[in-house]
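Remarks on the structure that follows.
Read the figures in this text as sums done on the coordinates, not as results from a lab. Source: prediction; values computed, not measured. As a convention, Cβ positions derive from the backbone with ideal geometry for all residues, glycine included, and neighbour counts pool all protein chains shown.
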Amino acid sequence: MDNIQFDRQPKEIVSDIQYIIDNARNNAIRSVDFERVQMYWKIGERIVVEEQNNQERAEYGKFIVENLSKILLKEYGSGFNKRNLYRAIQFYRTYPKVSALRSQLNWMQYRLLMGIEDNDKRDYYELEAVKNNWTGRELERQINSLFYERLLLSTDKDAMMKIAKEDRLPEKPTEIVKDPMVLEFLGLENRPTYRESDLESAIIEHLEEFLLEFGNGFSFVAKQKRITLEDDEFFIDLVFYNRLLQAHVIIEIKTHKLTHEDLGQLQMYVNYYDRNIKLKHEKPTIGILLCTEKNNTLVKYALPEDNENILSSEYKLIIPSEESLKTEVEKVERELQDDSEVGE
């Protein structure tokens, strides 16, 4: 025993014990958070049951909340003011079964979810928050940037919900990649021109946030990936891998409106990866052109009719207002509708 060295433990046991400690702490925090969630649900249930036993529900309900808040504020503090009591009522009415509550979500997250009137949209954010372990701030950011609406532009609602519920894996890039992409987390000023290298560096510096915006299943592989064609060298801006689609993903950043030359360059990179890098079991390489403004008609005629793997996506350096994003969503929906009518 005297010869055993205790100052240099194997990395495996250190990391294993660190995981055990961190996991226990996180579980303890989640347990406390979920107790709070259930507390507000039970308060909401009790008030609603009381209201329903009185004929003049509206006035009686207001009377209950106002008097309860006066009593509870004195004894328990601001967490039981009128606003939070009304939230508890709304919480119970939104989730009438306590068994539907998810222990992974805290009170802040449920407050955000309650603000979503559309049931499908609320279910989607709830599933994604649990699956991706989003914090309250991350969930708030995804809701504010219209994550659901932007993804819905490129895929149908049934497919989105099946993927969210993990009933099936994504099958096409459009089921994961959003357009437009909102990159407000980069901290760049919203000015007309930037060097592509500045945008690329900012993405690498904020890689975790970029992956959250980018979508599910992405892992970073390389930046400025060099490829050589005879004596010519080319550098691919960013390379990722998506484990759900089992495919490499190439991103080319352009700080101008999309051109057919940009699409040709991206197509060349995709062809190179398909012929030299892709393994037999992997799916065809995906190319994404990130630009300030895209031209759907140009994309349509510059690429083959059966193209599914070369995509373009506009980026925004600030979170646009909900109204402007909705206007953009409606514009794309009209374009898709026009295209489908022409094809009939």
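Here is how the numbers come out for the structure above:
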{"item": "Residues being touching a residue at least 12 places away in the same chain (Cβ under 8 Å) and of a type outside the set (Gly, Ala, Ser) - total across the stretch 301-324", "result": "13"}
{"item": "The stretch 99-122 - residue that is in a helix (DSSP H, G or I) and aliphatic (A, V, I, L, M) and, of those, surrounded by the fewest Cβ atoms within 10 Å (Cβ to Cβ)", "result": "Ala100"}
{"item": "Matching entry among Tyr60, Tyr86, Tyr95 (being under 18 Å from Phe34 (Cα atoms) and hydroxyl-bearing (Ser, Thr, Tyr))", "result": "Tyr95"}
{"item": "Those helices (runs of 4 or more DSSP H) lying entirely in the stretch 123-207 with at least 1 residues among the hydroxyl-bearing types (Ser, Thr, Tyr) and surrounded by 20 or more Cβ atoms within 10 Å (Cβ to Cβ)", "result": "147-152"}
{"item": "Of the criteria (1) in a strand (DSSP E or B); (2) within 26 Å of the chain's Cα centre (by Cα), which one Pro284 fails", "result": "(1)"}
{"item": "All positions within the stretch 245-270 that are of a type outside the set (Ser, Thr, Tyr) and assigned to a helix (DSSP H, G or I)", "result": "His260, Glu261, Asp262, Leu263, Gly264, Gln265, Leu266, Gln267, Met268, Val270"}
{"item": "Within the stretch 208-262, considering residues that are buried (at least 16 other Cβ atoms within 10 Å of the Cβ) and β-branched (Val, Ile, Thr), the one farthest from Pro284 (Cα to Cα)", "result": "Thr255"}
{"item": "Enumeration of residues in the stretch 73-98 that are free of Cβ contacts under 8 Å to residues at least 12 places away in the same chain, assigned to a helix (DSSP H, G or I) and not small (Gly, Ala, Ser)", "result": "Leu73, Lys74, Glu75, Tyr76, Arg83"}
{"item": "Candidate set from the stretch 286-326 (those that are farther than 27 Å from Tyr273 by Cβ and in contact with an Asp or Glu (Cβ under 8 Å, 6 or more places away or on another chain)); member that is surrounded by the fewest Cβ atoms within 10 Å (Cβ to Cβ)", "result": "Ile318"}
{"item": "Top-ranked residue of the stretch 266-300 - restricted to ones that are acidic (Asp, Glu) and touching a residue at least 12 places away in the same chain (Cβ under 8 Å), ranked as nearest to Val221 (Cα to Cα)", "result": "Glu282"}
